[in-house]
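**Q** Dropping a structure here in structure tokens format, bear with me for questions.
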Amino acid sequence: MKRTDDKIRSAIINFDDFDCPICTEPFIAPIFQCDNGHLVCSVCCPKLRNKCPSCAFPIDDKRCRAMEKVLETIRIPCSVLGCTKVLCYGELSAHEKECTLSLCACPVPGCKYTASYKNIYDHYITGHLKGSCWGRPMLDMFTSGMSFSVE
Ligand SMILES: [Zn+2]
Ligand SMILES: [Zn+2]
Ligand SMILES: [Zn+2]
Ligand SMILES: [Zn+2]
């Protein structure tokens, strides 16, 4: 069992290990493991007929509580610019997908800034509005909500 602990400690550094090796989805409790400490998610476990794909040891109903605990406690900030959400690993990828879709691009030509609607607005006010020829018309566009979807 000592080996399992070592494996989990190193998994904290490598986020790839937080994904199921079979379906590559992020692990969400319950997580199952074989006698050698190979981890499989709860969706894949029954499909494998409780046999470890890496070493063919039985997985049965052995839960990997240590890994579940790690997943429960870690919190990762959303990587999307302007988003302040902090989520547990299992929820992160779904949120980031959604979060990226709700991004807006800065409407000023040549500006590559993208962020959430609110952050774009702030960026526009502070970054472009002052002394720029993109003043009023663009601001009207913002305030009327035209061509922007608010999440
Ligand atoms: Zn899986
Ligand atoms: Zn195994
Ligand atoms: Zn986000
Ligand atoms: Zn901009």
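What follows is calculated from the coordinates using simple rules that are stated; it is not laboratory data. In this text, all values refer to a predicted model and were calculated from it rather than measured experimentally. Cβ coordinates were reconstructed from backbone atoms using ideal geometry, including for glycine residues, and neighbour counts include every protein chain displayed.
**Q** Taking the mean number of other Cβ atoms within 10 Å as a proxy for protection, how do you rank 55-62, 21-28, 40-47 from highest to lowest?
**A** By packing density, highest mean first, the sequence is 40-47, 21-28, 55-62.
**Q** At 7 Å along Cα-to-Cβ for each site, give me the label-to-label distance between residue 93 and residue 29 in nm.
**A** With each label point 7 Å from Cα toward Cβ, the separation is 2.0 nm.
**Q** Expressed in nm to one decimal, what extension gain is obtained for the pair residue 81 and residue 43 from 0.36 nm per residue of sequence separation less their Cα-Cα distance?
**A** Using 0.36 nm per residue and subtracting the Cα-Cα distance, I get 10.5 nm.
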